[in-house]
Amino acid sequence: MPSMPRILPVIAALVGVLCLSAPVGAASDRQLPGKGIVVQPGQIHVDGENFQTIIVSKALEALGYEVKPVQFAKYPALHVAVANNDLTFIADHWNPLHTAFFDKAGGTSKMYRQGAYIPGCAQGYLIDKKTADRYRITNMAQLKEAHIAALFDVSGDGKADLAGCPPGWGCERVIEHQLTSFGLRNTVTHNQGEYGAIIAETITRYQEGKPVLYYTWTPYWVSGVLVPGRDVVWLEVPFSSLPDNRTVDTTLANGKNYGFEINTQNIVASQQFSAAHPDAAKLFAVMQIPARDISAQNLQMRERGEGSWQACELHAEAWIKAHQQTLDGWLDAARAAAP
């Protein structure tokens, strides 16, 4: 069963030295293949993805690129903008969840997608452990039973309220497909409000001792607050079923099937930009951050109220200080690829 990794102490330990952060990488011209080139990052407006974008931006700055402030949009629009070279890169393309967005925007003819920036990202449905144990709920299919679904009724209509995925994220397409495929339309309501608000309400309900049903993903701070195996449990699905007629077995290596494939978060960049700047393309391909480090940073945001862009920049600087050798390896590989 997927669970939130143990939170690493490194970020907290470095808070006292953040203000002493030195510029990333060396500064000689031969080490700055991107000098004079402007880069435009893009991102969905979710604070849990700030850190990932900032790390890529700082690595590009170390190569001499001028990185403009991030532009925010929904995932479908982000992919189109990258394909059209209106954005240089996005750092949070979920593969394969966002495959439809990628393909519709032009695929590999328009976009560069290499490497595995953040591997091992899980998604799925969870309920509180107390309710799961009392009623022996282990599978989403059990929500077809009206008396089970009613346990998670928030609105008073007798149907289970699923704190779900906002439109435009990609995960909502899977959930909507599965509600139909699993025969849950009559007993489950998919609530798709702003995720931060609906998950905050879900956590409040849990703290009040009420049953909760929600969708989430890792790495993200939610599973550091509602810890799988301790506070909540992942629900299996009755069978694999994905939109777009994708016949993929979503069963994990542990034999459990939570309905979603394990994803890798990729950096997706403009093919035009990547072809012109092989150093940056190489950087995008070799960068990799453990999911546990993203979880640690995300939980710090939650616990300390440090979700602003400026706070995430400090978190990124702290991570870089703790992993300078790793970053230098990425930069060396990028510089070696420069023409």
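The values are calculated or read from the model by the stated rules, or taken from the named source; none is laboratory data. Please read these numbers as outputs of a predicted model, since none were measured by experiment. For neighbour counting, all protein chains shown are included, and Cβ atoms are generated from backbone atoms with ideal geometry for every residue, glycine included.
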Exercise for the section: Determine if the stretch 82-96 includes at least one residue that is part of a strand (DSSP E or B), modelled with pLDDT under 95, out of contact with any His (no Cβ under 9 Å at 6 or more places or on another chain) and closer than 26 Å to Thr251 by Cβ. Expected result: no
Practice task
Filter the stretch 101-134 down to residues that are crowded, with 17+ Cβ neighbours inside 10 Å and of a type in the set (A, V, I, L, M) and give me whichever is farthest from Val188 (Cα to Cα).
Solution key: Met111
Exercise for the section: Collect the residues in the stretch 294-313 that are out of contact with any Gly (no Cβ under 9 Å at 6 or more places or on another chain) and either surrounded by fewer than 19 Cβ atoms within 10 Å (Cβ to Cβ) or farther than 18 Å from Asn50 by Cβ (or both), keeping them in residue-number order. Expected result: Arg304, Gly305, Glu306, Ser308, Trp309, Gln310, Glu313
Problem - The listed residue being touching a strand residue (DSSP E or B) at 6+ places or on another chain (Cβ under 6 Å) and either hydroxyl-bearing (Ser, Thr, Tyr) or in a helix (DSSP H, G or I) (or both), out of Ala150, Ala132, Ala122 - result: Ala132
Handout entry: Boolean, Ile137 is buried (at least 21 other Cβ atoms within 10 Å of the Cβ), in a loop (DSSP other than H, G, I, E, B) and not basic (Lys, Arg)
Key = yes
Problem - Gln272 being assigned to a loop (DSSP other than H, G, I, E, B), in contact (Cβ under 8 Å) with a residue 40 or more places away in the chain and not aliphatic (A, V, I, L, M) - result: no
Exercise for the section: Just name the residue that is surrounded by the most Cβ atoms within 10 Å (Cβ to Cβ) out of those in the stretch 314-339 that are among the small types (Gly, Ala, Ser) and touching a Lys or Arg at 6+ places or on another chain (Cβ under 8 Å). Expected result: Ala334
Practice task
Kindly provide the set of residues from the stretch 192-205 that are surrounded by fewer than 21 Cβ atoms within 10 Å (Cβ to Cβ) and not hydrophobic (A, V, I, L, M, F, W, C), ordered by number.
Solution key: Gln192, Gly193, Glu194, Gly196, Glu201, Thr204, Arg205
Practice task
Report whether or not Ser223 is surrounded by 22 or more Cβ atoms within 10 Å (Cβ to Cβ) and in contact (Cβ under 8 Å) with a residue 60 or more places away in the chain.
Solution key: yes
Practice task
Can you work out which of the residues in the stretch 39-69 that are closer than 18 Å to Gln265 by Cα and assigned to a loop (DSSP other than H, G, I, E, B) is farthest from the chain's Cα centre (by Cα)?
Solution key: His45
Handout entry: Qualifying residue in the stretch 103-111 (condition: of a type outside the set (S, T, N, Q), in contact with a strand residue (DSSP E or B) (Cβ under 6 Å, 6 or more places away or on another chain), within 30 Å of Lys74 (Cβ to Cβ) and in the same structural domain as Pro76 (by TED's automatic domain parsing))
Key = yes
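Thr216 - would you say it is in contact (Cβ under 8 Å) with a residue 60 or more places away in the chain and not in a helix (DSSP H, G or I)? Steps first, answer last, please.
On the way: in contact (Cβ under 8 Å) with a residue 60 or more places away in the chain: yes; not in a helix (DSSP H, G or I): yes.
Taking the combined requirement at face value, the residue satisfies it.
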